[in-house]
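What follows draws every value from the coordinates through simple rules; no lab data is involved. Since we're looking at a predicted model, the values are computed, not measured. Virtual Cβ from ideal backbone geometry, glycine too; neighbours counted across all protein chains shown.
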Amino acid sequence: MILLLVFLVSLFLVCGSGVLAALSDLRGMTIPNFYSVIVLGAFVFCYVALWLGGRDDVFSPLLSHLLALLIVFFVTLAMFMANMMGAGDSKLASALALWVGMKGLMPFVVYMTVVGGLLALVALVLRRWAPIKDPKPDSWVAQVQSGASKVPYGVAIVLGALASFVKIGYFDLDVLSSFVIE
């Protein structure tokens, strides 16, 4: 039962930090580093606790998670260097990739790309018609309506990760009940 609590608290801490990072990106086009640090720390704590508790079946092998982190880090680093993505986006995507591992990497990337594309369409609408009167200064909406070409990709990253969490089974009743049935 304690391992279930560790898993759930860690997972909801990651989800909550992700939502706060996405909101920060919407409000001011920045993602503070501590959200990525929380996501990384929660994974390390949860993975070690479950491994020590004999529940190494919940996650993929550690190498799978580290490989996903490295792949996402190097791809997003290249995107950052090409001015296609912010540094905060790169760090957050890399930290969340650690959680999804190789098993969830493809769904993560697909969902993130779809949501990012939808956000880009919203940006085009906002830029063209400026439908929101008096948006909060420095917010994404204000920046886009004043002509900037920006997308709060943190939103896409977080929604992609959450969808991937569902896809790989972190919220499945079978997985959650297996902690109690032991």
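Things worth noting here:
- Evaluated against (1) without any contact (Cβ under 8 Å) to a residue 24 or more places away in the chain; (2) surrounded by fewer than 16 Cβ atoms within 10 Å (Cβ to Cβ); (3) in a helix (DSSP H, G or I), Met84 falls short on exactly one condition, (3).
- Qualifying positions in region 26-62 - under 24 Å from Lys150 (Cβ atoms), in a helix (DSSP H, G or I) and under 12 Å from the mean Cα position of the chain (by Cα): Tyr35, Ser36, Val39
- For region 45-73, residues that are of a type in the set (D, E, K, R), surrounded by 14 or more Cβ atoms within 10 Å (Cβ to Cβ) and without any contact (Cβ under 8 Å) to a residue 60 or more places away in the chain total 0.
- Restricting Thr113, Thr76 to those that are touching a residue at least 40 places away in the same chain (Cβ under 8 Å), more than 19 Å from Phe7 (Cβ to Cβ) and β-branched (Val, Ile, Thr) reduces the list to Thr113.
- Of all residues in region 136-149, at least one satisfies being free of Cβ contacts under 8 Å to residues at least 40 places away in the same chain and touching a Lys or Arg at 6+ places or on another chain (Cβ under 6 Å).
- For region 143-166, the set of residues classified as at negative phi and either touching a Phe, Trp or Tyr at 6+ places or on another chain (Cβ under 7 Å) or surrounded by fewer than 18 Cβ atoms within 10 Å (Cβ to Cβ) (or both) consists of Ser146, Ala148, Ser149, Lys150, Pro152, Leu159, Gly160, Ala161, Ala163, Ser164, Phe165, Val166, listed by residue number.
- Residues (free of Cβ contacts under 8 Å to residues at least 24 places away in the same chain and surrounded by fewer than 16 Cβ atoms within 10 Å (Cβ to Cβ)) located in region 9-28: Val9, Phe12, Gly16, Leu23
- Condition met for Met29 (in contact with a Pro (Cβ under 9 Å, 6 or more places away or on another chain) and either more than 23 Å from Asp174 (Cβ to Cβ) or charged (D, E, K, R) (or both)): yes
- Residue within region 119-126 that is surrounded by 14 or more Cβ atoms within 10 Å (Cβ to Cβ), under 17 Å from the mean Cα position of the chain (by Cα), outside any loop (DSSP other than H, G, I, E, B) and of a type outside the set (D, E, K, R) present: yes
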